[in-house]
1. Let me confirm something: among B:THR346, B:THR315, which residue is of a type in the set (Val, Ile, Thr), within 23 Å of B:ARG150 (Cα to Cα) and in contact (Cβ under 8 Å) with a residue 24 or more places away in the chain?
2. Please find, within the range B:271-289, the residue that is surrounded by the most Cβ atoms within 10 Å (Cβ to Cβ) out of those that are facing another protein chain (nearest Cβ under 7 Å) and in contact with a strand residue (DSSP E or B) (Cβ under 7 Å, 6 or more places away or on another chain).
3. So which residues in the range A:68-114 are at pLDDT 65 or above, basic (Lys, Arg) and closer than 23 Å to A:PRO55 by Cα?
4. Do you know which residues across the range B:120-142 are at positive phi and crowded, with 23+ Cβ neighbours inside 10 Å?
5. Those residues that are of a type in the set (Asp, Glu) and in contact with a helix residue (DSSP H, G or I) (Cβ under 9 Å, 6 or more places away or on another chain), I need them from the range A:300-324; list them, please.
6. Which condition does A:THR321 not pass, out of (1) part of a helix (DSSP H, G or I); (2) more than 14 Å from chain B (Cβ to nearest Cβ); (3) touching a residue at least 40 places away in the same chain (Cβ under 8 Å); (4) not acidic (Asp, Glu), if it passes all the others?
7. Consider the range A:298-315. How many of its residues are farther than 15 Å from A:GLU336 by Cα and either open to solvent by less than 70 Å² (accessible area, probe 1.4 Å) or part of a strand (DSSP E or B) (or both)?
8. Which residue, of A:VAL295, A:VAL334, is modelled with pLDDT of 95 or more, closer than 21 Å to A:THR237 by Cα and aliphatic (A, V, I, L, M)?
Number of protein chains: 2
Amino acid sequence: MLRPLLPRCARALRASAATPRLSYTLPTFSSQVTRRAYSIHPEAASTAQPVDVDPSKLVIQKTQDPKPLVDPSGLLFGRNFTGNLFPDPPPTKNPTEGWRAPTIQPYQNLSLDPATCVFHYGFECFEGMKAYKDKAGKVRLFRPDKNMERFNKSAARIALPTFSSPALIELISRFATLEERFIPDQRGYSLYLRPTMIGTQKTLGVTPPGSALLFVIASPVGPYYPTGFKAVSLEATDYAVRAWPGGVGDKKLGANYAPCVLPQLEAASRGFQQNLWLFGPEQYVTEVGTMNLFVAIKDKETGQKELVTAPLDGTILEGVTRDSILSLAREKLVPEGWLVSERKITMPELAEASAEGRLIEVFGAGTAAIVSPVRTISWKGQPVDCGLKEHEESGKIALRMKGWIEARQYGDEEHEWSYVC
Amino acid sequence: MLRPLLPRCARALRASAATPRLSYTLPTFSSQVTRRAYSIHPEAASTAQPVDVDPSKLVIQKTQDPKPLVDPSGLLFGRNFTGNLFPDPPPTKNPTEGWRAPTIQPYQNLSLDPATCVFHYGFECFEGMKAYKDKAGKVRLFRPDKNMERFNKSAARIALPTFSSPALIELISRFATLEERFIPDQRGYSLYLRPTMIGTQKTLGVTPPGSALLFVIASPVGPYYPTGFKAVSLEATDYAVRAWPGGVGDKKLGANYAPCVLPQLEAASRGFQQNLWLFGPEQYVTEVGTMNLFVAIKDKETGQKELVTAPLDGTILEGVTRDSILSLAREKLVPEGWLVSERKITMPELAEASAEGRLIEVFGAGTAAIVSPVRTISWKGQPVDCGLKEHEESGKIALRMKGWIEARQYGDEEHEWSYVC
């Protein structure tokens, strides 16, 4: 549709919604919740400053019908949800209001007009993060500032409103604390938290949503590998492309997920657990399924050991686990003589290293599994061996990374990455 | 996430959901409605054939509170909706059931669990089509088979179920007939119909949705240019990329729309009504905003007149209006000596033609406006004149195309493109 968009809309949008209004310094705080309806018309935003998220206004309406706990051994990812959440479905009427007071409410359906823009134009973004219980029974988040920073970037890219990062962390923290009985106090278990923002404008024009809803739901989850690592086999995908320069593949938008399912099913139909996204005629290795990818390799000439992951060039999701692994590698592997690189690496380079015995190990990295070791990659119908011995289910780096990260997630090691609720 | 996907899931999905189960021959039929919850688990689909859409099972529960009509002169695109729609929100339980019996219901909110996959992973696709009232008062659709064909392609690409195209056309036709009082009987007015399919599985794993909901809503709309054409000015966008070969830019998915809003706002902030998407270092001209683009040009050497639009290489939406214009051009312009081409055309080629006075006219093409004449394109900060004289708001081809297409839409000319409800 070619409806003209007024210049002042664009200016206003940039001034209000498209830029986070608070800087992302590491916050010093203590708890969490849901947000509610946002309502700010761009034309109003140019003159009035909309209200930001305000944890001091939190209203808690706890469920009167507490859900029973599921036996931790039976937990499946993202299938069981806790008793509460926090949206406030009706959008506000006052265009200058901004974010409404946050509320924690009993878990309940959202009631939305069928013309709501989230159903038609993909106005949706989300985050994946976890709350852990430490040995003292305290609830902890892991690097929530990184999630909030990315959440704001994702929202701004699709003209959804942004918010104060520390304020939302405080609300999420209070929410996780309220639901702490759902967090099993066993290693490997956690409460998966899903902050989600959707556009709620009820018109079919393709325009910046005049209202939005931010909600957080929580689902207790067990360890990704309950009986220890199990290395996966991947199929390299070159017939479909997940992301491209100038696109939105680096944002956590709903738009990036639905199109990934068919290539995954294609890989599965040939017996592979996941697909590996290649890009371009060079066949750059980018991501595996919905995780970042790390490759440990020895240099052909010098024998220098190098841990490589793709650079953030706009086609790679800015994974929090990716960032944590890079930090830990610089902290702990560089002193051991490793080179740590964010650089492009191609499938031919990887296959050559494999053939020459220089491919040390390969693993995926993401919030769900932390690390996911790779045994082989099928490329042009041929298996590329990723360095594991037959009896091994993980390489050494993946194993050590999991240990290092969990120590900080569960508070065994006090670290600024761990946020005590 | 790296959860393994079973090979049989993939096979089943291809067998059931990923392939339209009926061929797309031009249907011979007569009316329309909404569909309801689909529920088919891929693992079940391999053994049982799910039920297809069945118009003979249509249940009509008309609203008891008919909405007042809006004065046609006050109609805004996609803001007012008719009294009914047809979803059946609760997904079915029986995995082998397939599509449930279709129902027309009073217009109402959808009630969905906040974990529903449409809110998180962009499992949504839609169509845009219109119902017209002819001089005899009969309701007509325009090439609904083309919309259904594309709808099935879009659904299959994101692992949503497909359906019988003639059956859904019959249901949509009955729906449009039921709502016929909302269609003003004036030229340029119509009832915009929005068939939409969303994934409704309530889990956070990124997997093919085990259930889906198909609904259709309707909104009366006025002429795009109530007081005659008004040529627009475009800004060529090269810093953001709408679509990529191997991506999903040729499908009508929600995923393709939200990311388009910021570049549109950027263009608007500099005074342009829309942005023009360029692609690659060659600066191929692809689409304008959410419309296809046509260029009428004279050959530098021979003076041969040529009507050009970008080819369907996977980066271009397969527009129904685009297809209609190509057909009409071959039928009516070729005999006048025109060449009609689906080929790549670059911004430098266009700018050169403009500078040499060989650019005859440029126009967008889509369901909302039919054609939308372009006055200038701002490229690298310089205006490229698109051939209109100062007092003109449309070129001759755009004007004639609009007339030819409307004659078939409103039934002035009996043609197989017009489907009488």
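The values are calculated or read from the model by the stated rules, or taken from the named source; none is laboratory data. All values derive from a computational prediction rather than experimental measurement. Please note: Cβ atoms are built from the backbone with ideal geometry, for glycine as well, and neighbour counts cover all protein chains shown. To get the accessible areas, we keep the full protein, side chains included, count just its heavy atoms, and leave off ligands, DNA and RNA. Shrake-Rupley method; radii C 1.70, N 1.55, O 1.52, S 1.80 Å.
1. None of the others qualify; the one that does is B:THR315.
2. That would be B:GLN274.
3. Hit for the range A:68-114 is A:ARG100, nothing else.
4. If the condition is that a residue be at positive phi and crowded, with 23+ Cβ neighbours inside 10 Å, then B:GLY122 is the only one that fits.
5. A:GLU318, A:ASP323
6. Here A:THR321 meets the rest and fails (2).
7. Looking only at that region, the number is 8.
8. When all the criteria are applied, what remains is A:VAL295.
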